[in-house]
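Readers should treat all values here as calculations from the given coordinates under stated rules, not as data from a laboratory. Nothing here was measured: the structure is a model prediction, and the numbers come from that model. Neighbour counts run over all protein chains shown; Cβ positions are idealised from the backbone, glycine included.
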Amino acid sequence: MFGLASILGYGQEPGSLRWMILCGAEEPIALAFSGFEGHLRLPKSSLHADEDLRATRQYVNQVASTEAGARAVIGIPLIVTAIRNRTGHRRLAKEQ
């Protein structure tokens, strides 16, 4: 299990990590966090690239336009790859 806030550069989250998401099918990685505000279903047309945000946030790959304003979209595959690289656990390609 990995603390999402720490991975995103915000340091350790105070209090308990109450929520967890599993990422990946074959060898899942758990990302834990303390708060969950909700989720959104948005059309792809509401997503766009923001190069300024990408330059300052390592794992943000898009921005979503919502009724509440712009929201950064975290690239979970980017985080999973970074964790696997840090831990020395890289998935080996199956030989054909």
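Remarks
- Crossing angle, helix 76-87 versus the chain [Cα axis fit, 0-90 degrees, rounded to tens]: 40 degrees
- Between Leu78, Tyr59, Leu47, the Cα set farthest toward the positive side of the dipole of the chain (charges on each charged residue's Cβ, about the Cα centre) is that of Leu78.
- In segment 2-96, the GluC sites (Glu not before Pro) that fall in loop regions by DSSP, at most 13 other Cβ within 10 Å: Glu26, Glu37, Glu67, Glu95
- Model label sites at Arg71 and Ala25, defined 7 Å from Cα along the beta-carbon direction, differ in position by 2.6 nm.
- Label-to-label distance, nm, for residues given as Asn85 and His39 (7 Å Cα→Cβ offset): 2.8 nm
- Restricting segment 15-58 to trypsin sites (Lys or Arg not before Pro) in coil, as DSSP defines it, with at most 14 other Cβ within 10 Å: Arg18, Arg41
- Tail beyond 21 Å, pair distance distribution of the chain (Cα, percent): 44 percent
- Dividing the mean sequence gap of close Cα pairs (under 8 Å, 6+ apart) by how many residues the chain holds gives a relative contact order of 18 percent.
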